[in-house]
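Visitor: One structure follows; several queries about it will come next.
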Number of protein chains: 2
Amino acid sequence: MSLPMIPTITVFERSPDGGKGLARDMRVRWAFEEVAQPYEVRLVSFGAMKEPAHRALHPFGQIPTYEEGDLALFESGAIVFHIAERHAGLLPANANARARAITWMFAALNTVEPPILDLQTAKFLEGDKAWYEQRLPLVKNRIRDRLGELSDRLGDAEWLDGAFSAGDLMMVTVLLRLKASGMLDEYPNLAAYVAQGEARPAYKRAFDAQLAVFAGRPPIA
Amino acid sequence: MSLPMIPTITVFERSPDGGKGLARDMRVRWAFEEVAQPYEVRLVSFGAMKEPAHRALHPFGQIPTYEEGDLALFESGAIVFHIAERHAGLLPANANARARAITWMFAALNTVEPPILDLQTAKFLEGDKAWYEQRLPLVKNRIRDRLGELSDRLGDAEWLDGAFSAGDLMMVTVLLRLKASGMLDEYPNLAAYVAQGEARPAYKRAFDAQLAVFAGRPPIA
């Protein structure tokens, strides 16, 4: 390909969260904003996400996807990494610092996010079950185990490892899922860390762009 | 650093699985074997994993970690990626194919592994709860959703995207967690895919090396 191409990402046509920044395209939008690269957006309905045309891009029928010429990617982690690898601003130049930033990306997605997602899974898929209320403290305590460890590591540092990186971007978006639960406030340094992420101009631009999609479209319950 | 250094990884001193290859150092061992690089192993007890010395390497008190000179990494995904980036054999040379292989690494760890881990979490942490048996079909069906989608994408291909890559390495190790459950056999192409991974000489060398650690050490129940 000889000409630079503007990548296209897919996002929810209607918001499951009312546009609070929790849909996973937010991570990709934020990454694009941090590295000051343009991108285009294609809206996908919940129905269309499960159709063969979309599954050809994303085998698990989710958003976001990333298309750029012949290249099609899925998984927010992989897309953010792809952007971070190609444009300065999300990964340190020093090889060791870069490897550590990538480590935090994986830690956010594979160690911290799963117990946090369990809380949403419990609510949305088991909220009507007899065991829901009884089980909730176990689910929350598994989250607290991770938050406590993360809080200990962060200490009073600004970011997880030196300058802001794709690792922080991922961790902040993962922790943001807890905002409504109030659990973040049990760890003041983590709450401040997340607030600091949200205060970044690139985050705000991404948030506003995501919210604008849903203007006039009722949220999905 | 002027001299090549042999990296050291940490592994369980005693096996939670009796040496069936499920501990996460297996992924890293397998990666080293695929790229034909030597590595050293340091055993860590369950108690020591939670002590400050180990937490300095791994904030979440787990294995594996990776040390090479000044560099310390954690998270099996990040370590495998680090190895794959530095040595030929786990990531394609073509830029687009490389990005797709990385996508499968993230998909394995962030989309396929979490519901599979829930099955173990349910068993080990909620196996004595009143709701365990009733809830189990929900947990299993969430796994089946992912397996069905993965099976559809794999079709009759040998690997997920062209030649064997770090994406397949991760996906095979994630799916291996299901072996004892019998659920993999519901998807013959996935069962064959995993068997094909286990049949690789590099996998076998890694498996044997992991198992050798536990020889003469009783498994942890």
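The values are calculated or read from the model by the stated rules, or taken from the named source; none is laboratory data. Model, not experiment: these values are computed from the prediction. Cβ: placed from backbone, ideal geometry, glycine included. Neighbour counts: every protein chain shown.
Visitor: For the range A:199-210, give me each residue that is assigned to a helix (DSSP H, G or I) and surrounded by 15 or more Cβ atoms within 10 Å (Cβ to Cβ).
Guide: So the first thing to find is which residues in the range A:199-210 are assigned to a helix (DSSP H, G or I), and the list is A:201-210.
Of everything in the range A:199-210, those that are assigned to a helix (DSSP H, G or I) and surrounded by 15 or more Cβ atoms within 10 Å (Cβ to Cβ) turn out to be A:Ala202, A:Tyr203, A:Arg205, A:Ala206, A:Phe207, A:Ala209, A:Gln210.
Visitor: I would also like to ask the following. Tell me the residue from B:Pro38, B:Pro64, B:Pro16, B:Pro59 that is crowded, with 17+ Cβ neighbours inside 10 Å and in contact (Cβ under 8 Å) with a residue 24 or more places away in the chain, please.
Guide: On the way: B:Pro38 fails: crowded, with 17+ Cβ neighbours inside 10 Å; B:Pro16 fails: crowded, with 17+ Cβ neighbours inside 10 Å; B:Pro59 fails: in contact (Cβ under 8 Å) with a residue 24 or more places away in the chain.
Answer to the selection: B:Pro64.
Visitor: Only residues that are among the acidic types (Asp, Glu) and more than 8 Å from every other protein chain (Cβ to nearest Cβ): list them for the range A:64-120, please.
Guide: Selection gives A:Glu67, A:Glu68, A:Glu85.
Yes/no per residue for (1) modelled with pLDDT under 95; (2) basic (Lys, Arg); (3) under 16 Å from the mean Cα position of the chain (by Cα):
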residue	(1), (2), (3)
A:Met105	no, no, yes
A:Glu113	no, no, yes
A:Tyr132	no, no, no
A:Lys140	no, yes, no
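Visitor: Given the conditions (1) within 11 Å of another protein chain (Cβ to nearest Cβ); (2) assigned to a loop (DSSP other than H, G, I, E, B); (3) surrounded by fewer than 19 Cβ atoms within 10 Å (Cβ to Cβ), which single one is not true for A:Gly162?
Guide: The number of the failed condition is (1).
Visitor: Follow-up. For the range B:142-158, does any single residue satisfy the condition of being without any contact (Cβ under 8 Å) to a residue 40 or more places away in the chain, of a type in the set (Lys, Arg) and touching a helix residue (DSSP H, G or I) at 6+ places or on another chain (Cβ under 7 Å)?
Guide: Restricting attention to the range B:142-158, the residues satisfying the condition of being without any contact (Cβ under 8 Å) to a residue 40 or more places away in the chain are B:142, B:145-146, B:148-149, B:151-158.
Then keep just the ones that are of a type in the set (Lys, Arg); that gives B:142, B:146, B:153.
Then keep just the ones that are touching a helix residue (DSSP H, G or I) at 6+ places or on another chain (Cβ under 7 Å); that gives B:142, B:146.
Yes, there is a match, as at least one residue in the range B:142-158 is without any contact (Cβ under 8 Å) to a residue 40 or more places away in the chain, of a type in the set (Lys, Arg) and touching a helix residue (DSSP H, G or I) at 6+ places or on another chain (Cβ under 7 Å).
Visitor: Is it the case that some residue within the range B:54-62 is at the interface with chain A (Cβ under 9 Å from one of its Cβ atoms) and under 14 Å from the mean Cα position of the chain (by Cα)?
Guide: The answer is yes; a qualifying residue exists.
Visitor: Here's a follow-up. What is the number of the single condition among (1) touching an Asp or Glu at 6+ places or on another chain (Cβ under 8 Å); (2) farther than 19 Å from A:Leu138 by Cβ; (3) outside the structural domain of B:Phe164 (by TED's automatic domain parsing) that B:Trp104 does not meet?
Guide: (3)
Visitor: Additional query: Here is a check on your reading of the model: is A:Asp168 out of contact with any Lys or Arg (no Cβ under 9 Å at 6 or more places or on another chain), in a helix (DSSP H, G or I) and modelled with pLDDT of 95 or more? So that I can check it myself, show each step before the final result.
Guide: Values: out of contact with any Lys or Arg (no Cβ under 9 Å at 6 or more places or on another chain): yes; in a helix (DSSP H, G or I): yes; modelled with pLDDT of 95 or more: yes.
Yes: the conditions hold for A:Asp168.
Visitor: Oh, and also: When the range A:41-56 is examined, which residues are found to be closer than 21 Å to A:Gln120 by Cα and surrounded by 17 or more Cβ atoms within 10 Å (Cβ to Cβ)?
Guide: The one that is closer than 21 Å to A:Gln120 by Cα and surrounded by 17 or more Cβ atoms within 10 Å (Cβ to Cβ): A:Met49.
Visitor: So, one more: Which number in (1) closer than 24 Å to A:Leu178 by Cα; (2) within 11 Å of chain B (Cβ to nearest Cβ) marks the one condition that A:Glu34 misses?
Guide: That leaves (2) as the condition not met.
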